[in-house]
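Only the coordinates and a few stated rules stand behind these numbers; no lab work does. Here the structure is a predicted model, which is why all the values come from computation and not from measurement. When we count neighbours, we look across all protein chains shown, and the Cβ atoms used for this are built from the backbone with ideal geometry, even at glycine.
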Amino acid sequence: MTDIRIVPAADFGGACLEALQEAGARSRSITVGLPTGSTPIALYAEMASVAAAGNLDISGWRPFAIDEYGGARLHPCSNRRFFERHWESISGAPEVEQFDPEAPDLEAEARRMREAIDAAGGLDIALLGIGLNGHVAFNEPGSAAGSTVRRVDLSEASRESARACWGDETPAWGLTLGLRELFSAETVIIMAHGAAKADIVARAIDGPETVHVPASLSRRSARAIWVLDEAAASRLKR
Ligand code: PGA
């Protein structure tokens, strides 16, 4: 089942939180995959403000980072640093289980994350952005629907986006949850804002279901919710 929600840009963070709370209402202790990037910033800010007012309790959640760059763990552009800035400012936010890109054995590191998620019973919610090339987490175009946690080479499109922060140190690889972990979540929430995403959002929702647009495979999930601002939704057929 796919549910598409289109809201004015100013309401984007609030609409993302509403979808998240709805999906997480079943239990206090949900397991959730969390994204980084520019897309979720409004959501995390909204969560910080609602939690500060005492109206959001996520202390029982079990969050996992959905990906990490293959750079220094404490590089200012690492996802670990992103979570410090944007997630940890939410009052009561539990610590995010993260990838360690400096682990000596990356296969073992991927296995550690896979086993931690499996032990938690899989993800209840996969909260995702979408890349300009249709990737979700670092599952680049061509990723198999059954792909699991692993080290991946980043596409040129992803490296180009990363370059704005990483500059000359832009990593060539990353660690990511697979499409298997993400799209077998009970609820998949994909967020997109801004006109730059309009084309890829339309391809993911209205185009063919294809590994060339990994986000299009979210249609196989039990429940997929797209939260879009009007600009990101502007090329949808409906
Ligand atoms: P963005 O990245 O939120 O910075 O646009 C989204 C993504 O690449 O998944």
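Out of (1) closer than 25 Å to residue 31 by Cα; (2) assigned to a loop (DSSP other than H, G, I, E, B); (3) within 16 Å of the ligand (Cβ to nearest atom); (4) not polar (S, T, N, Q), the odd one out for residue 132 is which?
Condition not satisfied by residue 132: (1).
Could you please tell me which pairs satisfy a Cβ distance under 9 Å, a separation of 6+ or placement on different chains, a first residue in the stretch 182-209 that is without any contact (Cβ under 8 Å) to a residue 60 or more places away in the chain and surrounded by fewer than 19 Cβ atoms within 10 Å (Cβ to Cβ), and a second residue that is assigned to a helix (DSSP H, G or I) and of a type in the set (Lys, Arg)?
As it stands, the answer is 209/219; 209/220, since those pairs meet every condition given.
Find the residue count for the stretch 43-71, including only residues that are farther than 30 Å from residue 107 by Cα and free of Cβ contacts under 8 Å to residues at least 60 places away in the same chain.
Residues in the stretch 43-71 being farther than 30 Å from residue 107 by Cα and free of Cβ contacts under 8 Å to residues at least 60 places away in the same chain: 16 in total.
Out of everything in the stretch 135-164 that is in contact with a helix residue (DSSP H, G or I) (Cβ under 8 Å, 6 or more places away or on another chain) and in a strand (DSSP E or B), what residue ends up being nearest to the ligand (Cβ to nearest atom)?
Result: 136.
Pairs needed: first member in the stretch 106-133, more than 30 Å from residue 228 (Cβ to Cβ); second member anywhere, surrounded by fewer than 16 Cβ atoms within 10 Å (Cβ to Cβ); C-beta distance under 7 Å; at least 6 residues apart or different chains.
109/100; 109/103
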